[in-house]
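**Student:** One structure, as structure tokens, below. Some questions next.
Each value in this text was obtained by applying a stated rule to the coordinates, not by laboratory testing. In this text, all values refer to a predicted model and were calculated from it rather than measured experimentally. Note that each Cβ is placed from the backbone with ideal geometry, even for glycine, and that neighbours are counted across all protein chains shown.
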Amino acid sequence: MRRHSLLLLFLAGILVLGASCPPPVPPGATLTARTERSQTDATLIVKGHGYTPGQGVTITIQNVPGKSENTICTRYPNPAGDFELQEPYALKQVPAGTDLPDVVVIGRDASGWSLIATTSASPYVIRF
């Protein structure tokens, strides 16, 4: 009940302040995330397509095991609107049976729209 009330207050605040909705995502725009693991680290590979060429895409990476803060970086799409990011992370030891949320990647275009991609957190850990 409390969460519902807080959400309604938040939405009411948006209406009062006159906030507008973000622009729609262009048809065909995509964001993908996958992981390549080695013996010493796991590299998150993010690819975007259909973003505004030459304008900064803000990439936010959440829920990487062992990282207490989000990773935020910027990439600039080529003339076709494509970009790629490769971000390596050290492996983290966790007890067997530990539930891990997916790694979440948000790609926000300079014009305001965003896409979200997820990938399993399992490649980032060594279970003991």
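**Student:** Please state the charge dipole magnitude for segment 17-128, taken about the Cα centre, from unit charges on C-beta atoms (+1 on K and R, -1 on D and E), reported in debye and rounded to the nearest 20. All intermediate terms of the calculation are to be shown ahead of the outcome.
**Tutor:** Numbers: 8 positive and 9 negative charges, 21 e Å.
I would put it at about 100 debye.
**Student:** Ignoring everything except DSSP H segments at least 4 long, calculate the 222 nm mean residue ellipticity for the chain; use -39,500 (n - 2.57) per segment, divide by total residues, nearest 500. Working shown, then result.
**Tutor:** Values: 1 runs with 16 residues, N = 128.
Result for the chain, helices only: -4000 deg cm²/dmol.
**Student:** Using only the Cα atoms, what convex hull volume per residue in Å³ does segment 77-128 have? Present the calculation step by step, with values, prior to reporting the outcome.
**Tutor:** Details: hull volume 4.6 nm³, N = 52.
About 88 Å³ per residue, rounded to a whole number.
**Student:** Starting with the fewest neighbours, write out Ser114, Ser38, Ser20 ranked by other beta-carbon atoms found within 10 Å of each beta-carbon. Don't skip to the end; give the middle numbers.
**Tutor:** Details: Ser114 14, Ser38 10, Ser20 7.
Fewest-to-most Cβ neighbours within 10 Å comes out as Ser20, Ser38, Ser114.
**Student:** Take the Cα radius of gyration of the chain and divide it by 2.2 N^0.38 Å, with N its residue count; two decimals is plenty. Working shown, then result.
**Tutor:** Values: Rg = 17.5 Å, N = 128, 2.2 N^0.38 = 13.9 Å.
Relative to the rule-of-thumb radius for its length, the chain sits at 1.26.
**Student:** Restricting to DSSP loop positions (anything but H, G, I, E, B) with no more than 13 other Cβ atoms inside 10 Å of their own Cβ, which GluC sites (Glu not before Pro) remain in segment 33-128? Don't skip to the answer; put the middle values down first.
**Tutor:** Working: sites: Glu36, Glu69, Glu84; in loops: Glu69.
Qualifying residues, ordered by number: Glu69.
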